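Read the structure below first, then the notes.
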Amino acid sequence: MSQSDEILTIKGLHIEGKTDEGWSEIVKGVDLSLKKGEILGLIGESGAGKSTIGLAAMGYARGGCRISAGEIIFDGHNLLEMSNKGQRRIRGRRIAYVAQSAAASFNPTYKLIDQYSEGPVFHHVMSKSEAEHDAKELYRRMQLPDPEMIGYRYPHQVSGGQLQRAITAMAMSCRPDIIIFDEPTTALDVTTQIEVLSAIRDIVNQSGTAAIYITHDLAVVAQMADRVKVLLKGAEIEEADTRTMLRAPRDTYTKSLWAVRSFQATPKKIESTTRPVVSVQNVSAAYETQLVLTDVSFDIFPCQTVAVVGESGSGKSTAARVMTGLLEPSSGSVKLRDEPLPSVYTDRSKKQLQEIQMIYQSADTALNPKQRIREIIGWPIEFYTGLKGNANENRIRELLTMIEMDPDEFIDRRPGELSGGQKQRIGIARALAADPSMIICDEVTSALDQLVAEGILRLLDKLQQDLDLAYMFITHDIATVRAIADDVVVMKAGKVVEAGPKAEVFTPPHDPYTELLLSSVPEMDPDWLDNVLQGRASSGN
Amino acid sequence: MARNFLKILKTAPPSSVFGMVVIAIYILVAFFAPLLAPYSQTEIVDAEFMPPSAEYWLGTDNLGRDMLSRIVYGARNTVGIAFFTTILAFLVGTTLGIFTSIKGGWTDQILGRLVDTLMAIPSLIFKLLLLTVFGTTIINMVLIIALVDSTRVFRLARAVSMDIVVMEFIEAARLRGDGIWRLVTREILPNAAAPLAAEFGLRFCFVFLAISALSFLGLGIQPPLADWGSMVRDNASLIAFGEFTPLIPAIAIALLTIGVNFVVDWMLHRSSGLKD
Amino acid sequence: MNSLWLVIVKRLGLGIVTLIAVSIIIFVAIEMLPGDIAQIILGQSATPETVAVFRQELGLDRPALTRYLDWAGGMLRGDFGTALASKRDVSELIQSRIFNTLFLAAYAALISIPLAISLGLLAALYRGSVLDRAVNIISLSSVSMPEFLLAYILVFLLAQTGFFPTMSDLTPTMSFQEKLYVTFLPALTLTLVITAHMMRMTRAAIVNLLASAYIEMAELKGLSRTRIILMHAFPNALAPIINVVAINLAYLITGVVVVEVVFVYPGLGQLLVDSVSKRDVVVVQVASLIFAVAYILFNLLADIFSTLSNPRLRHPK
């Protein structure tokens, strides 16, 4: 590669973040180079410093952060040695940024098209009318509906997937040399994600812009990037072109990341005569007057995992709220071992409450930050089983051992002193403390990094076998469903679209929505996106 | 625990250290007022408006009582009454606020609307109105200020508690079958403690200033009790002649409020960070 | 546009309900007067006959609802009844005082609102700077001061020099400039009181706003600092700033009462305080109602303005 091909070179980048104890390093000497027209994927778990590096590529550091050392050479000039004014001349015009949440990144006061034309007009690239004309053209290329008129809407009048496309168009407005994409599809549902991904890729390819694509999702980066750099805790692990990286990662950390998706829960057989633990029968429910569940039925058998899968607004969490008695159904019932459960939790007996326990998505809000683990787990034990004093403590220790945490080390800690995965384990132990028959797991791995999430899935699988637990697993993530489910319930807009054993639901013929859902989940194959799009085009979809 | 507390104190900025020292001094003066004051608070020791001298360090007031002694006793009367009133307002406001945040539904709606309506009347005006009706005795004033300010405490306590009640650990506790007493004492209060403590400090300042203002207007703490607000009023005529001593009780009021505010500011700053 | 007007009409309706509710509270409060009002006013020496006559004069022999409607109707017509203490017509008594109080409040508001908002803005924009810290300490200190201390410090410092009068003897025949001069000290005191509060709240609101993702986006579009503040921060800051101004009306009202007493200013606040000590319930009722109505109306106005500045309501889906 010749020197002139490189549009951006970062050397020895160090970035510090402010903490209570002073400045601590969050990016520890990262090098990076980007050629004209090339797309570099930055991948890593939370805390890897991906976004910080992405912003630094524009010479920008968020409040509370500072670039402490290194060079950022863009088109022959070191951004860090430039004046503020010089940096501003490059930002937006030559290096543009696409944020994770377009909804928050658009100013609510202005129309989309005015925000589009602001950059080109300010940087004297185009006149206002040229910019507006150009905006419509880009909106069209981004496959936005009604490209002539959509720009005249305000951000809150447009859907999330459309906003994400509009913000990408806005980043293109000055025809920059580089665009930084910072997790642009993370907040979207899978079926929307695939549309946005293809629109982004097309426009980047057509315009020949170089890009840095930041994501935590390996399958996404496989579709988008020419080269991939893996980061861990602010340092580089390895870098290679995408196909090599996917086929033959060198580092053990990268290999472990790649291996995550291979986990399979132990299949469990049940007798055909077994009665379900919990059965949801023809449940409909509404918030105010808005119907959110329509005639939903499914059964959960002992020692089985039912995965309820669907996108946002599908009603999967609402179903759980009805089952726990937080939301009264307008019709239908929930039965526990053939006994109808009172529809409001306050009317349920202690025994009934004990039988169905819950684990939440965010362990941060699910555990009381002011209580020690001794109390978080010890109180439900005492409350449900009456164990006190030594017996209680022994049980806490037993549970902590079960969730693979050292009792001596953790029993007197508070949630704030635990990592995300450890918190989630405590959430599991709290549910186990009640000695339940069934546990509802509401997106329990969604907020976790993949390696940690896999650990949680393995633990849940082990516990299921040891304790004969039934799980209802609420998730939007098809990979998780594949890994852990025995039965699958697919939901859309408050209705059950398809239900049955995993093998059945995941083999064709599918219901059209299940088909769409399954085919939209990115795979680790770099050609996946092309194949899917081609397939959809040829089937006239 | 105690060592932790000391560690936190060491990180305090100068302004809040100043605040804590001021508060400590006021508490000491209030406790040991009879030992510190050279004369009694009601005794007429000399002629009116005597200038400061070796005998009367700050001179005498409009009735010939020792200014210094009255200022010392004022720490006990004014601050003590304000503190008691704040506790009263706080008990009522937080109890109802936390209770309605858990209960929700009708209780919350009705109480919320009532408080909104009461708060639509400017606080000082409402207090003056009620004082007219019930008469300007100390007990009435304490009860009236406690009532009016408890609406403000209610609003805040409800909001703080609401933020906690929507968290999933509360949902978990409810689904477990925990009673309301346990919900409040073990789940909500430990998490609400920091903002409520800050509100207590701020509320104390408001109550203290309100009592001082009422006393200054002649409608609060009544003679012969020594009180800073009324002392300013009694001796105000000297100020226009360039006499500074009548301002001392007012400065005593300001100093304590500034001290408390500095401490609260630091507390809020600390608790707004994610740490602990 | 429909939903915007719906919100505004709803808010207006709520305002009217609040006004009625508050007038009832003020009326009922007086009803709660322990013992017989006529007896209290006339004193222990009054004979039962005179008390009875007086009761009739006050209309106390009629049912409470009738009296409320009469009273409220009178308020609407500007017929405020007769003062108990001075036996004078209340309307006549308060007419010039309302004007004086409004004059003083407007005087202070017109100086302090622009001053506080610009200082708060500057402190927010340069947060962590010396200016910011100075603004913080000064405003925290002046928030902590009783209004009368501020007033007397000004008297102590300024009046001794003889530049400004310490008694604000306002007469209707004065020219506008004379009025401004005579009321300078009370207006300055009020200004100091509310500027401090408003400045702190403005700063907090703006700091909050500057942390939004769309401000970072504007930064990353390479826009100039001025453009970011004027075009991106300011339009969104309007609603919070309007709220800050509305909240501070409460301090303005408290301040006005105390400051009028300090400067012997012939306004409504001073009349209110006088009437409280005389327990002249008729005047207290009227004065409280006027303060409450002004407060409610200004809050209503503020709410409507901040609704109008909300793009989500102005341009519904």
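The values are calculated or read from the model by the stated rules, or taken from the named source; none is laboratory data. Only a predicted model underlies this, so the values are computations on that prediction, with no experimental measurement involved. No Cβ is skipped: glycine too gets one built from the backbone with ideal geometry, and neighbour counts run over all protein chains shown. The accessibility values were calculated without ligands, DNA or RNA, using every heavy atom of the protein model including side chains. Shrake-Rupley method; radii C 1.70, N 1.55, O 1.52, S 1.80 Å.
Could you list all residues from region B:237-258 that are small (Gly, Ala, Ser) and either without any contact (Cβ under 8 Å) to a residue 12 or more places away in the chain or more than 7 Å from chain C (Cβ to nearest Cβ) (or both)?
Selection gives B:237, B:240, B:242, B:252, B:254.
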(message) Can you go through A:185, A:242, A:254 and tell me which one is in the same structural domain as residue A:40 (by TED's automatic domain parsing), over 29 Å from residue A:108 (Cβ atoms) and free of Cβ contacts under 8 Å to residues at least 60 places away in the same chain?
(response) A:254
(message) Being within 18 Å of residue B:257 (Cβ to Cβ) and surrounded by fewer than 16 Cβ atoms within 10 Å (Cβ to Cβ) is true for just one of B:71, B:27, B:8. Which residue is that?
(response) B:27
(message) Can you confirm whether residue A:97 is open to solvent by 20 Å² or more (accessible area, probe 1.4 Å) and within 11 Å of chain C (Cβ to nearest Cβ)?
(response) no
(request) Identify all residues within region A:421-459 that are farther than 22 Å from residue A:306 by Cα and in contact (Cβ under 8 Å) with a residue 60 or more places away in the chain; write none if there are none. (result) A:423, A:426, A:449, A:451
(request) Looking at (1) buried (at least 21 other Cβ atoms within 10 Å of the Cβ); (2) farther than 26 Å from residue C:14 by Cα; (3) within 14 Å of another protein chain (Cβ to nearest Cβ); (4) touching a residue at least 24 places away in the same chain (Cβ under 8 Å), find the lone condition where residue B:127 falls short. (result) (2)
(request) Could you name every one of the strands (runs of 3 or more DSSP E) located completely within region A:249-331 that has at least 1 residues being modelled with pLDDT under 90, hydroxyl-bearing (Ser, Thr, Tyr) and open to solvent by 10 Å² or more (accessible area, probe 1.4 Å)? (result) A:278-287
(message) Considering only region B:34-44, I want to know if a residue exists there that is in a strand (DSSP E or B) and surrounded by fewer than 18 Cβ atoms within 10 Å (Cβ to Cβ).
(response) yes
(request) Might you check whether a residue that is farther than 22 Å from residue A:5 by Cα, within 14 Å of another protein chain (Cβ to nearest Cβ), buried (at least 18 other Cβ atoms within 10 Å of the Cβ) and under 17 Å from the mean Cα position of the chain (by Cα) occurs anywhere in region A:153-172? (result) yes
(message) For a quick check of your reading: which helices (runs of 4 or more DSSP H) sit entirely within region C:241-317 and have at least 3 residues that are under 12 Å from the mean Cα position of the chain (by Cα) and aliphatic (A, V, I, L, M)?
(response) C:281-308
(request) Considering only region C:301-317, state which residues are open to solvent by less than 20 Å² (accessible area, probe 1.4 Å) and either within 14 Å of chain B (Cβ to nearest Cβ) or under 30 Å from residue C:271 (Cβ atoms) (or both). (result) C:302
(message) Quick check on region B:165-179: of everything there that is closer than 20 Å to residue B:155 by Cα and in contact with a helix residue (DSSP H, G or I) (Cβ under 6 Å, 6 or more places away or on another chain), which residue is nearest to the other protein chains (Cβ to nearest Cβ)?
(response) B:167
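Restricting to region A:58-111, and then to whatever is of a type in the set (Asp, Glu) and touching a residue at least 60 places away in the same chain (Cβ under 8 Å), can you tell me which residue is farthest from residue A:157 (Cα to Cα)?
So, considering only residues that are of a type in the set (Asp, Glu) and touching a residue at least 60 places away in the same chain (Cβ under 8 Å), the one farthest from residue A:157 (Cα to Cα) is A:71.
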(request) Filter region C:108-132 down to residues that are among the hydroxyl-bearing types (Ser, Thr, Tyr), part of a helix (DSSP H, G or I) and open to solvent by 40 Å² or more (accessible area, probe 1.4 Å), then give me how many there are. (result) 1
(request) Determine which member of the set C:197, C:232 is touching a Phe, Trp or Tyr at 6+ places or on another chain (Cβ under 8 Å) and either more than 8 Å from every other protein chain (Cβ to nearest Cβ) or aromatic (Phe, Trp, Tyr) (or both). (result) C:197
(message) Let me spell it out: the conditions are (1) among the β-branched types (Val, Ile, Thr); (2) in contact (Cβ under 8 Å) with a residue 60 or more places away in the chain; (3) open to solvent by 20 Å² or more (accessible area, probe 1.4 Å), and residue C:194 meets all of them except one. Which number is the exception?
(response) (3)
(request) Report whether or not residue A:219 is open to solvent by 10 Å² or more (accessible area, probe 1.4 Å), at pLDDT below 90, more than 24 Å from residue A:91 (Cα to Cα) and of a type in the set (A, V, I, L, M). (result) no
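Looking at region A:140-188 only, could you name the residues that are among the charged types (D, E, K, R), in a loop (DSSP other than H, G, I, E, B) and out of contact with any helix residue (DSSP H, G or I) (no Cβ under 8 Å at 6 or more places or on another chain)?
A:146, A:177
Any residue at all in region A:206-213 that is assigned to a helix (DSSP H, G or I), crowded, with 21+ Cβ neighbours inside 10 Å and in the same structural domain as residue A:128 (by TED's automatic domain parsing)?
no
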(request) For residue A:401, indicate whether it is among the polar types (S, T, N, Q) and over 26 Å from residue A:308 (Cβ atoms). (result) yes
(request) Could you pull out every one of the helices (runs of 4 or more DSSP H) wholly within region A:446-541 that has 3 or more residues that are open to solvent by less than 60 Å² (accessible area, probe 1.4 Å)? (result) A:450-467, A:478-484, A:512-520, A:528-538
(request) Any chance you could count how many residues in region A:335-371 are within 11 Å of chain B (Cβ to nearest Cβ), part of a loop (DSSP other than H, G, I, E, B) and open to solvent by 60 Å² or more (accessible area, probe 1.4 Å)? (result) 2
(request) State yes or no: is residue B:229 within 10 Å of chain C (Cβ to nearest Cβ), part of a helix (DSSP H, G or I), touching a residue at least 40 places away in the same chain (Cβ under 8 Å) and open to solvent by less than 50 Å² (accessible area, probe 1.4 Å)? (result) yes
(message) If I ask for residues that are more than 33 Å from the chain's Cα centre (by Cα), in a loop (DSSP other than H, G, I, E, B) and exposed (fewer than 15 other Cβ atoms within 10 Å of the Cβ), which ones from region A:372-406 would you list?
(response) A:386, A:388
(message) Test of understanding: among B:190, B:195, which residue is in contact (Cβ under 8 Å) with a residue 60 or more places away in the chain, of a type outside the set (A, V, I, L, M, F, W, C) and either assigned to a loop (DSSP other than H, G, I, E, B) or farther than 13 Å from residue A:366 by Cβ (or both)?
(response) B:195
(message) Take the conditions in contact with a Ser or Thr (Cβ under 8 Å, 6 or more places away or on another chain), over 17 Å from residue C:280 (Cα atoms) and hydroxyl-bearing (Ser, Thr, Tyr) and apply them to residue C:112. Does it pass?
(response) yes
(message) Given the criterion more than 9 Å from every other protein chain (Cβ to nearest Cβ) and either on the phi < 0 side of the Ramachandran plot or among the small types (Gly, Ala, Ser) (or both), identify the matching residue among A:68, A:105.
(response) A:68
